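Working notes, structure below.
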Amino acid sequence: MKTNTLHIIFILSFMYVSDAQADSLSKFWQNTTTEHNYYSQQFSDELAVASDEMNLGLPALIDPNTRLNKTSVEGGAFVFHYTLIKFSLDDINTQLFAATMGPELHNSVCLSEEMQMLLNMDVPLIYTYTGHEGNDIASIMINQSSCNRYKENLALVNS
């Protein structure tokens, strides 16, 4: 497997690994370099390979209510497919869920140096959530632009 593909896998792994594992992966990332054109078909292919590699360890429970089923690459975006295993669409106020999870995800992703590296490569991250019966609950996209807005708002709140 190419080093760049490993970088992608390790970066994306930050979204669902323990703090100790994240620290270990961060050290790996900092000790490696890559020369790559992130806009190439080769990069898209490597992103797909990274998704396939991550899927080998899935599905995985993230917390008592959430399972990461799989990842995929769709239209250049890296997609995380989650199921809320204890809830159906009827149990969830979808607008409130998206309004709550959006900032939480932005906080995790946008303030992570490792995830920022991936966003700087212009790879949008999409987090999709379904209820236990498979109905769509929310889809939240994070990209460099949304992170910039999040950081600006955070700076205003903290000033």
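Rule-based calculations on the coordinates, nothing more; no lab input. For clarity, every value in this text was computed on a predicted model and none was experimentally measured.
Name the residues whose placed amide hydrogens come within less than 5 Å of the amide hydrogen of Ile85, ignoring near sequence neighbours (fewer than 5 apart) on the same chain.
Thr66, Arg67
Give me, ordered by chain and number, the residues 5 or more places off Ile137 or on other chains with an amide H under 5 Å from its own placed amide H.
Sorted by chain and number, the residues that satisfy this are Tyr129, Thr130, Gly131.
Per residue of segment 104-112, what does 6.51 cos²θ - 1.76 cosθ + 1.60 with θ = phi - 60° give for ³J(HN,Hα)? Whole Hz please, x for Gly and Pro, Karplus curve as stated.
So the Karplus estimates, Gly and Pro as x, are 4, 5, 4, 4, 5, 7, 5, 9, 8 Hz.
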